[in-house]
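Written below as structure tokens is the structure these notes are about.
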Amino acid sequence: MKKFLAVLALICLSSTAVFAAMDTDQEFIVKAGIQPQSSMSVNGKTEDANIGITAGFEYFKYLNNIVAVGAGASYDLPRKFKSNTSGGSVSFLPMSVAIKARTPLHGLENNYPFIVGRLGFSAFMNNANWIKSSSGGLYYSIGVGVSISNLVIEAAYGASKFSYNDPSEQSFDGTYSTISLTAGFKFE
């Protein structure tokens with residue numbers, strides 16, 4: 001919980017410079033949510049994780065009335081696995097570029113549905129006795145959501161590639177996939 005509060009405080013503090021220079025064709029979103037479904041797949045073996053918490057931020061610049069490009073980062077707080085046979089916990093720090101498309105309906109002002117895609121790199125952090133060394137890899141995500149005034153609600157599927165060595169120096173590649181439900185506050 002302390003890490004979550006520290007990340008949220010860092011996001012809020014670092015965003016104050018952005019708020020002062022925002023145009024109407026830009027959005028800065030601070031968000032947090034849960035990951036009710038997540039699993040780790042290594043060598044065809046899948047293990048489900050406990051419900052997780054995520055927090056992050058994104059910045060978007062609209063190229064026209066429909067399409068925006070942006071970048072952002074989030075932090076998936078450490079989570080343990082349901083079977084608890086592995087011991088320890090893992091967390092991820094995805095950083096990505098994004099493209100967002102919203103409905104071009106006039107008269108909706110700040111209220112619109114959207115679809116967003118993300119591509120980037122995810123750092124893999126662990127506190128597990130079965131991992132000697134680790135590294136992150138490719139991150140991708142697709143999501144749908146709705147913006148209602150300054151509130152942004154999104155459901156997304158994301159996956160983070162990673163690799164690690166066990167104590168016997170055997171190397172493994174894996175994928176960590178999640179379904180996230182987030183709510184955020186949009187500054188324009």
Residues of the range 24-65 that turn out to be β-branched (Val, Ile, Thr) and either at pLDDT 90 or above or in contact with a His (Cβ under 8 Å, 6 or more places away or on another chain) (or both), as a count: 6
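Considering only the range 34-53, state which residues are in a strand (DSSP E or B), of a type outside the set (D, E, K, R) and out of contact with any helix residue (DSSP H, G or I) (no Cβ under 9 Å at 6 or more places or on another chain).
Of the range 34-53, the ones in a strand (DSSP E or B) are 34-42, 45-49, 52-53.
With the extra rule that they be of a type outside the set (D, E, K, R), the set shrinks to 34-42, 46, 49, 52-53.
Scanning the range 34-53 gives Ile34, Gln35, Pro36, Gln37, Ser38, Ser39, Met40, Ser41, Val42, Thr46, Ala49, Gly52.
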Tell me yes or no: at least one residue of the range 130-153 is loosely packed, with under 14 Cβ neighbours inside 10 Å and touching a Leu at 6+ places or on another chain (Cβ under 7 Å). no
Quick count over the range 154-179, residues being surrounded by fewer than 17 Cβ atoms within 10 Å (Cβ to Cβ) and either over 18 Å from the mean Cα position of the chain (by Cα) or at pLDDT below 90 (or both), is 10
Surrounded by fewer than 19 Cβ atoms within 10 Å (Cβ to Cβ) and either under 20 Å from Leu119 (Cα atoms) or among the acidic types (Asp, Glu) (or both): does that describe Tyr75? no
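Regarding Phe121, is this residue over 18 Å from Ala49 (Cβ atoms) and either surrounded by 14 or more Cβ atoms within 10 Å (Cβ to Cβ) or of a type in the set (Phe, Trp, Tyr) (or both)?
On the way: over 18 Å from Ala49 (Cβ atoms): yes; either surrounded by 14 or more Cβ atoms within 10 Å (Cβ to Cβ) or of a type in the set (Phe, Trp, Tyr) (or both): yes.
Criteria met by Phe121.
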Among Ser141, Ser177, Ser96, the single one that is over 20 Å from Met40 (Cα atoms), of a type outside the set (Asp, Glu) and in contact (Cβ under 8 Å) with a residue 40 or more places away in the chain is Ser96
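Working carefully through the options Asn110, Asn129, Asn64, find the one that is free of Cβ contacts under 8 Å to residues at least 24 places away in the same chain and not in a strand (DSSP E or B). Please lay out each step first, then the result.
Values: Asn110 fails: free of Cβ contacts under 8 Å to residues at least 24 places away in the same chain; Asn129 fails: free of Cβ contacts under 8 Å to residues at least 24 places away in the same chain.
None of the other options fit; the residue is Asn64.
Condition test on Ser91, is it more than 18 Å from Glu154 (Cβ to Cβ), outside any loop (DSSP other than H, G, I, E, B) and either modelled with pLDDT under 90 or not basic (Lys, Arg) (or both)? Reasoning before the result, please.
Numbers: more than 18 Å from Glu154 (Cβ to Cβ): yes; outside any loop (DSSP other than H, G, I, E, B): yes; either modelled with pLDDT under 90 or not basic (Lys, Arg) (or both): yes.
Criteria met by Ser91.
Surrounded by fewer than 16 Cβ atoms within 10 Å (Cβ to Cβ) and free of Cβ contacts under 8 Å to residues at least 12 places away in the same chain, is that true of Gly88? Spell out how you get there, then give the answer.
On the way: surrounded by fewer than 16 Cβ atoms within 10 Å (Cβ to Cβ): yes; free of Cβ contacts under 8 Å to residues at least 12 places away in the same chain: no.
In short, no.
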Output the residues belonging to the range 43-72 that are touching a Gly at 6+ places or on another chain (Cβ under 9 Å), more than 19 Å from Ile179 (Cβ to Cβ) and of a type outside the set (Lys, Arg). Asn43, Phe57, Tyr59, Phe60, Ala71
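The values are calculated or read from the model by the stated rules, or taken from the named source; none is laboratory data. These numbers come from a predicted model, not from an experiment. A quick note on method: Cβ atoms are made from the backbone with ideal geometry, for glycine too, and the neighbour counts reach across all protein chains shown.
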